[in-house]
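A quick write-up on the structure given underneath.
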């Protein structure tokens, strides 16, 4: 489909051409939406430059995205729609620009194109030339990039409050899964926006180098540098947000690890208390008990015995040659039984 924008009293008039209709020679902006081969040839004839195919648009090589044609410069850039459309052919738009008109080739529905289409129809301040329309589109694209990064920052703040402020429900595994999945989605969003900013930076640098070829004024050259700085700032913001996302992911995974350690500790204690011991442990326990008993018996054997003399210090010491008497247990007799062996007499 071909949509041509021609000059009018209020701005640029939008004309949707039927298949096979010729392109108006006064067209300032030609929007090719999923063009056929015939529509592509018609635009090439009017522009005097070859328009890349869908396969060439999807190419990720810089040399394939930015190059010079005899009648124009060809630039392919990713737009913020890349955060929702993974296919590079759908998320990318090719700009074919010369001093008179602009041709855009797209296979998706970027919001930036829709906003620009409404703006050029009622904004008479936009000059009826290709570079003026292109810079109006760049302004909208940069604003869209800033909005996407603002949304990502808001999502990060909400998730960080949920993790560190309110806290995740440790008894529900689903809360951790939702948080980690949400972190991944925000990270992919930021990563895509980083690619978009990188692509736009290359386009602005390439356009600055070929300002005379497309007839840029001094004011437009200054705007080109200004937009480059804005894109660089958004890119730095995406880098900082990516670092914060990495920290939040590490913290979330750390909370999950702590919860798993607590569960493992509980099961370990229960296993020691209630699980039956192993046969090897029983043998070892029996050996330790036998060793302890042997050690106690050895200690009792080496202890010194009581001295009888200490308990009978009141008895006199018998003299040599006196008869020795032995006491008989009480109850049998109270008399001393004389000994048949002669012994010493008592002293005194």
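Counting neighbouring beta carbons within 10 Å and listing from fewest to most, the residues 235, 244, 118 come out as 118, 244, 235. Answer rounded, prolate or oblate for the range 2-263, using the Cα gyration tensor with square roots of eigenvalues a ≥ b ≥ c: rounded when a/c is under 1.5, else prolate when a/b is larger than b/c, else oblate. Because a/c hits 1.5 or more and a/b exceeds b/c, the range 2-263 counts as prolate. In terms of surrounding Cβ atoms within a 10 Å radius of their Cβ, 100, 111, 45, 192 rank from fewest to most as 45, 111, 100, 192.
Simple spin-label estimate for residue 150 and residue 21 gives 3.7 nm between the two label positions (7 Å along the Cα-to-Cβ direction from each Cα). Between residue 1 and residue 45, the contour length at 0.36 nm per residue exceeds the Cα-Cα span by 14.2 nm. Sorted fewest first by neighbouring Cβ atoms within 10 angstrom, 5, 176, 67 come out as 67, 176, 5. Full extension of the segment from residue 162 to residue 123, taken as 0.36 nm per residue of separation minus the current Cα-Cα distance, would add 9.6 nm.
Laboratory data are not the source of any read-out in this text; all were calculated from the coordinates shown. If you're wondering where the values come from, they're calculated on a predicted model, not measured in any experiment. All Cβ positions, even for glycine, are placed from backbone atoms using ideal geometry, and neighbour counts span all protein chains on display.
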